[in-house]
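Read the structure below first, then the notes.
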């Protein structure tokens, strides 16, 4: 399939939106391979959930911005949200940097699971980021500018 498209949503920070956006993405991709659809829907869910859990309204942005793009054999997802506490940014950055430097996301995923079993910290796992890289086979990157964190996920189709 060679169609290209961009879908953008500016969404409120509410849990009900996760299912709604996930279903819209699934519907948009319904004619594609099941593993790609499943991986994309999981990635969308994990990124939106993180934005809701860790995002904070800032003066330059009060919503979560979501974009899904398909062009030339690549599917790209970006999600942006405000971050006020630098400790929140540093935590996400640490995990994303580890993922970006790794040749083996499965090993990182397993290691992160072990860390969480040994030292559980409710609500602060970042396991979803590892899941995106390992199970979803998406590469992850980020940008932090003017208190806005944007996470990019990309995968070849």
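The values are calculated or read from the model by the stated rules, or taken from the named source; none is laboratory data. Everything quoted here is computed from the prediction, not taken from an experiment. Methodologically, a virtual Cβ is constructed for each residue, glycine included, from the backbone with ideal geometry; neighbour enumeration extends over all protein chains shown.
Return yes or no: is residue 153 within 14 Å of the chain's Cα centre (by Cα) and assigned to a helix (DSSP H, G or I)?
On the way: within 14 Å of the chain's Cα centre (by Cα): yes; assigned to a helix (DSSP H, G or I): no.
Spelling it out, it is not the case that residue 153 is within 14 Å of the chain's Cα centre (by Cα) and assigned to a helix (DSSP H, G or I).
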Q. What are the residues in the range 14-26 that are more than 12 Å from residue 66 (Cβ to Cβ) and surrounded by 10 or more Cβ atoms within 10 Å (Cβ to Cβ), if any?
A. 14, 15, 19, 23, 26
Q | Residue count for the range 26-44, restricted to those that are modelled with pLDDT under 90 and under 15 Å from the mean Cα position of the chain (by Cα) | A | 0
Q: Kindly indicate which of 121, 143 is without any contact (Cβ under 8 Å) to a residue 24 or more places away in the chain and part of a loop (DSSP other than H, G, I, E, B).
A: 121
**Q.** residue 86, sole failed condition from (1) in contact (Cβ under 8 Å) with a residue 24 or more places away in the chain; (2) farther than 23 Å from residue 133 by Cα; (3) surrounded by fewer than 18 Cβ atoms within 10 Å (Cβ to Cβ)
**A.** (1)
Q: Might you let me know whether the range 40-50 holds any residue that is touching a residue at least 60 places away in the same chain (Cβ under 8 Å), farther than 30 Å from residue 121 by Cβ and surrounded by 19 or more Cβ atoms within 10 Å (Cβ to Cβ)?
A: no
